[in-house]
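The values are calculated or read from the model by the stated rules, or taken from the named source; none is laboratory data. Not measured: the values here are computed from a predicted model. Positions of Cβ are backbone-derived with ideal geometry, glycine not excepted, and every protein chain shown enters the neighbour counts.
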Amino acid sequence: MLVALLLLPFAGSILSVFFLRTASRRLPAGLAGLVVLFSLLLTASLYPQVSDGGVVRFNAQWLPQLGLDLTLRMDGFAWIFSMLITAIGFLVILYARYYMSEEDPVPRFFSFLLAFMGAMLGIVISGNVILLSVFWELTSVFSFLLISYWHNNSSARDGARMALTITGIGGFCLLIGLILLGNIVGSYDLDKILASGDLIRNHQLYLPALIFILLGALTKSAQFPFHFWLPNAMSAPTPVSAFLHSATMVKAGVFLLVRFWPVLSGTYEWFWILGVAGMSTLLLGAYFAIFQRDLKGLLAYSTISHLGLITTLLSLGSPLATVAAIFHMLNHATFKASLFMAAGIIDHETGTRDMRRLSGLFRFMPITATLAIVASAAMAGVPLLNGFISKEMFFAEAVETNADSILDRILPYVATLAGAFSVAYSLRFIHTVFFGPPPTDLPIARPHEPPRWMRFPIEFLVVLCLVVGIVPALSIGPFLHSAVVSVLGKDTPQYSLALWHGFSVPLLMSVIALIAGTAIYVVLKGYLSRCDDGPPLIRRLKGQRIFERILVEVSWRWARVAERRFGTRKLQPQLRWLVVAGLGAGALPLYLRGFEARQFSYTGADPIFAALWVIGVCLAIGTAYMAKYHRLAALMMLGGVGLIVCITFAWLSAPDLAITQLLVEIVTTVLILLGLRWLPKRSEEIAEPMTLRARSRRFRDFALAVVCGVAISSIAYAVMTMPVPDAIANYFLENAYTLGGGRNVVNVILVDFRGFDTLGEIAVLGVVSLTVFALLRRFRPAADSMSMPEQQQAQNRFDDERPERSAGDTVRDYLLVPSVIMQWMFPVVITLSIYLFMRGHDLPGGGFSAGLTLSIAFLLQYLAGGTRWAEDRIRILPLRWMAAGLMTAVMTGIGAWFLGYPFLTSHTRYIDLPMIGKVPAATALLFDLGVFLLVVGSTVLILVALAHQSLRINRLRAIEAAKSEEG
């Protein structure tokens with residue numbers, strides 16, 4: 001069920017893409033609503049299993065040797081968060097159905113929203129901290145897409161970029177911290193980490209792990225000094241803001257703090273880092289909220305303040321404070337989601353969110369106004385509403401702290417002052433927008449109530465605020481208890497959710513906050529009606545400006561300096577830096593671990609083999625020399641070097657490598673040759689005396705090449721002459737057939753023992769081919785390469801002189817006989833490809849070799865008949881080949897999970913075929929099929945990109961010919 005819960009939103013996101021951009025809002029909204037409703041019901045059905053401290057787990061082995069498994073777990077805390085995500089998500093989708101315009105690309109909106117919801121659910125139910133980090137980054141990516149949804153708006157683009165930058169850096173820090181945490185415990189399993197609190201807190205890596213994890217949490221939850229990105233994300237559609245600010249995104253940070261509270265809290269470092277960040281955010285966020293003129297800006301800063309309240313509670317290290325933090329997370333989600341949706345309705349029905357232009361809306365929108373007033377009162381902590389109870393618990397913990405530090409001494413005063421500020425900005429929201437004279441300067445002349453079902457989500461959430469505020473123990477008590485027990489375990493304290501605890505200091509603090517907040521608003525009311533956006537005294541202290549200044553400093557000055565020092569558009573310096581980096585990467589471990597030189601012993605060499613390599617060395621030198629003067633000659637020599645390497649593999653009894661090398665040489669040589677066709681011609685260079693600087697540069701490059709060549713040769717010699725441990729070589733030799741079902745050890749290693757590496761390699765191959773295709777789509781050939789090749793011009797002149805050639809003849813092949821032979825070879829090469837694929841598990845061959853062979857078949861057809869001729873006769877869809885190949889390889893690995901084995905575990909058996917008998921079959925054959933399909937698709941995609949350059953040139957020639965005729 002956990003797998004279904006996780007995959008449902010992503011499946012809905014993919015399906016939403018297939019709706020037309022002009023589709024009605026009903027279809028994508030209906031699909032999204034059904035997906036989220038089913039996810040909500042699925043989550044609710046899991047409550048009996050987690051209600052008494054139980055944990056629902058799902059584990060699929062991925063890389064068990066490294067502790068990387070696909071583990072999902074749901075306890076009471078994860079359950080209540082999942083309910084928040086799915087329930088508020090369903091209400092937001094219902095609201096968005098009426099909020100979004102028909103002119104917007106609504107299917108894309110719901111696709112992004114569902115994917116974001118899936119990523120957030122992934123954070124909540126991840127049972128492996130590395131998996132948690134993956135979903136953490138996905139929330140940053142999808143929030144970027146949601147915030148920049150109206151990408152034509154520059155503020156939306158800037159806000160999205162800022163959010164992605166801040167949360168992305170925080171996510172990278174979090175990954176480092178989680179890796180350190182896993183190294184401390186010796187496992188990345190969340191249950192094992194949560195059971196190792198004493199080990200973690202007493203470890204020397206505790207402090208760096210804590211700092212990195214807190215950086216991830218504080219950036220995500222917009223805590224000081226990283227708070228500035230959240231108000232700048234208000235350019236997102238209001239449904240996005242309601243979802244991000246209530247149940248997702250910013251709540252991910254405090255969720256992480258609660259999740260790791262049992263193992264990271266209780267230390268001096270935890271208290272001070274979180275305490276300073278939390279109290280600063282609590283106070284500054286509330287202060288800034290008072291002076292905002294934008295409705296969503298006010299709510300954004302109030303969100304920052306309430307998240308600071310939660311962070312402050314968690315910093316105290318008290319179990320009761322943790323209970324209060326969890327409770328306030330739930331309360332904040334309900335009233336903040338309703339307030340954002342109310343702000344969206346106001347904007348939708350009036351055309352503005354500027355509070356200086358809004359007033360007296362109660363008479364036009366009485367129901368919406370009433371709902372917003374109740375939600376604002378809950379945000380201010382008014383009695384009989386849910387915000388009051390959790391605020392009382394916060395005040396109680398602020399008073400009860402026993403630590404003797406300045407933070408503890410000032411905490412009650414900070415809490416009371418922040419409470420007063422929250423009353424002030426809540427009163428401003430209520431009084432400015434809904435009371436006073438009727439508005440006279442609105443884009444929409446007469447506001448009115450929204451559609452019934454657009455208002456329903458607010459009504460439902462406001463009712464929850466009232467129910468929880470009046471009968472908290474009956475309404476939310478059991479669910480809160482399940483969440484608290486799953487976090488605190490045996491340390492769960494006794495707490496009361498009663499509405500009345502008698503006269504006490506926390507109650508006095510609440511009364512003071514209500515009175516002081518009212519007084520603050522009354523005093524500032526006149527100033528607020530005419531003030532600019534931002535608080536007095538510290539108006540110029542804006543995190544956005546600091547961020548932009550740092551961004552400019554890094555991207556402009558530092559980057560320019562780095563570009564001047566290390567960057568160049570010339571290929572040779574770039575290669576030089578790559579070679580130096582590779583040399584340094586190889587030399588560093590030798591320097592750190594030491595290097596014991598092996599004694600070189602010459603045992604003789606076969607004269608033919610030695611002569612072969614002498615020829616290879618000469619060809620390599622010739623390639624380097626001719627590359628400057630004649631590209632075609634250099635390419636031919638380079639192909640000769642590859643051919644000698646191929647013969648070497650065969651000489652040294654490595655037929656698999658020899659076949660692969662030969663096929664790679666054929667494909668790459670032809671593709672490079674096709675690419676050379678569109679490069680500018682080389683001009684005749686006038687011989688000039690070489691300067692001293694040029695000589696030194698050549699000598700430096702030559703010395704670097706010699707050093708790297710000698711180093712690689714030494715490593716190769718050491719590897720080939722060192723004694724191979726029996727545990728490595730013999731294991732593959734002995735188990736290739738019994739465990740992998742094949743006698744070709746090389747292929748079995750690639751598709752079975754090291755299948756995960758191969759999966760990564762084919763994925764990289766697909767990415768590279770897509771990149772090449774994208775670059776070639778924007779490539780424009782050099783002007784001097786647009787004319788028809790001289791050989792083809794001569795052939796066309798010869799054809800024109802033939803009397804039998806008709807006017808409609810479109811013969812283009814100036815090598816007629818070879819082209820006919822290449823066309824005849826098409827079925828032969830396909831048969832050879834199938835043969836290599838089928839024999840690969842037992843004899844030299846395999847998916848990679850077969851894929852290259854089939855690519856050669858397509859390559860021959862393009863060379864024989866040209867682009868149009870080939871594509872008119874052969875339907876080639878390389879992207880589908882690539883997608884099918886990658887999906888086949890991945891699904892082969894996933895299939896092992898259903899049998900209880902790690903990802904990509906292979907299974908082999910004999911199958912009895914009629915008239916043939918027993919035939920060995922292995923599931924690795926399916927994985928090899930995926931390799932085959934992806935290799936074919938990737939190679940043909942590059943071929944198509946190169947071949948279509950000729951079509952583009954023909955169009956340009958036709959345009960130029962038409963212009964010349966007109967002239």
Next item on the list: Output the number of residues of segment 372-404 satisfying the condition of being part of a helix (DSSP H, G or I) and either in contact with an Asp or Glu (Cβ under 6 Å, 6 or more places away or on another chain) or β-branched (Val, Ile, Thr) (or both).
Entry: 4
Notebook entry, point to check: Within segment 839-848, how many residues turn out to be closer than 22 Å to Leu765 by Cβ and part of a helix (DSSP H, G or I)?
Noted result: 2
Item checked: Single residue of segment 379-398 satisfying the filter (more than 16 Å from Ile310 (Cα to Cα) and among the hydrophobic types (A, V, I, L, M, F, W, C)) that is surrounded by the most Cβ atoms within 10 Å (Cβ to Cβ) -> Leu385
Checklist line | helices (runs of 4 or more DSSP H) contained in segment 93-198 and holding at least 2 residues closer than 19 Å to Thr219 by Cα, of a type in the set (Val, Ile, Thr) and at pLDDT 90 or above | finding: 106-125, 129-147, 154-185
Next item on the list: Please determine, by comparing only the residues of segment 492-536 that are of a type in the set (D, E, K, R) and part of a loop (DSSP other than H, G, I, E, B), which one is surrounded by the most Cβ atoms within 10 Å (Cβ to Cβ).
Entry: Asp533
Check: Among the residues of segment 329-372, which ones are among the charged types (D, E, K, R), out of contact with any strand residue (DSSP E or B) (no Cβ under 7 Å at 6 or more places or on another chain) and closer than 28 Å to Met249 by Cα?
Finding: Lys336, Asp347, Glu349
Next item on the list: Would you check which residues across segment 46-88 are acidic (Asp, Glu) and surrounded by fewer than 17 Cβ atoms within 10 Å (Cβ to Cβ) and list them?
Entry: Asp52
Note to self: Testing Phe228 on (1) at pLDDT below 90; (2) more than 21 Å from Gly308 (Cα to Cα), one condition comes back false. Which one is that?
What the structure shows: (2)
Check: Going by the structure shown, is Ile273 over 26 Å from Ile85 (Cα atoms) and modelled with pLDDT under 95?
Finding: yes
Next item on the list: Only one of these is assigned to a loop (DSSP other than H, G, I, E, B) and not polar (S, T, N, Q): Gly89, Gly53. Name it.
Entry: Gly53
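Each row is one residue, and each column tells you yes or no for (1) among the β-branched types (Val, Ile, Thr); (2) within 19 Å of Asp189 (Cβ to Cβ).
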| site | (1), (2) |
| --- | --- |
| Gly12 | no, no |
| Val50 | yes, yes |
| Val55 | yes, yes |
| Ala60 | no, yes |
Note to self: Considering only residues that are within 20 Å of Pro239 (Cα to Cα) and in a helix (DSSP H, G or I), which ones fall in segment 293-305?
What the structure shows: Leu295, Lys296, Gly297, Leu298, Leu299, Ala300, Tyr301, Ser302, Thr303, Ile304
Next item on the list: Please tell me if Ile290 is crowded, with 22+ Cβ neighbours inside 10 Å, of a type in the set (Val, Ile, Thr), in contact (Cβ under 8 Å) with a residue 12 or more places away in the chain and under 22 Å from Met83 (Cβ atoms).
Entry: no
Next item on the list: Filter segment 857-883 for residues that are crowded, with 20+ Cβ neighbours inside 10 Å and within 17 Å of Leu933 (Cα to Cα) and give the result.
Entry: Ala857, Phe858, Leu859, Pro878, Trp881, Met882
Item checked: Any hit, segment 189-203, residues being free of Cβ contacts under 8 Å to residues at least 12 places away in the same chain, more than 30 Å from Phe144 (Cβ to Cβ) and of a type in the set (Gly, Ala, Ser) -> yes
Margin query: If the requirement is being under 24 Å from Thr401 (Cα atoms) and aromatic (Phe, Trp, Tyr), which of these qualifies: Phe243, Phe271?
Written below: Phe271
Checklist line | Which listed residue is under 20 Å from Gly171 (Cβ atoms) and among the hydrophobic types (A, V, I, L, M, F, W, C), from Ala222, Ala242 | finding: Ala222
Next item on the list: Please state which of the following conditions Gly30 fails to meet, knowing it meets all the rest: (1) in contact with a helix residue (DSSP H, G or I) (Cβ under 7 Å, 6 or more places away or on another chain); (2) under 16 Å from Leu91 (Cβ atoms).
Entry: (1)
Note to self: Condition (residue is of a type in the set (Asp, Glu), assigned by TED's automatic domain parsing to the domain that holds Leu313 and not in a helix (DSSP H, G or I)) applied to segment 405-425: is it met by at least one residue?
What the structure shows: no
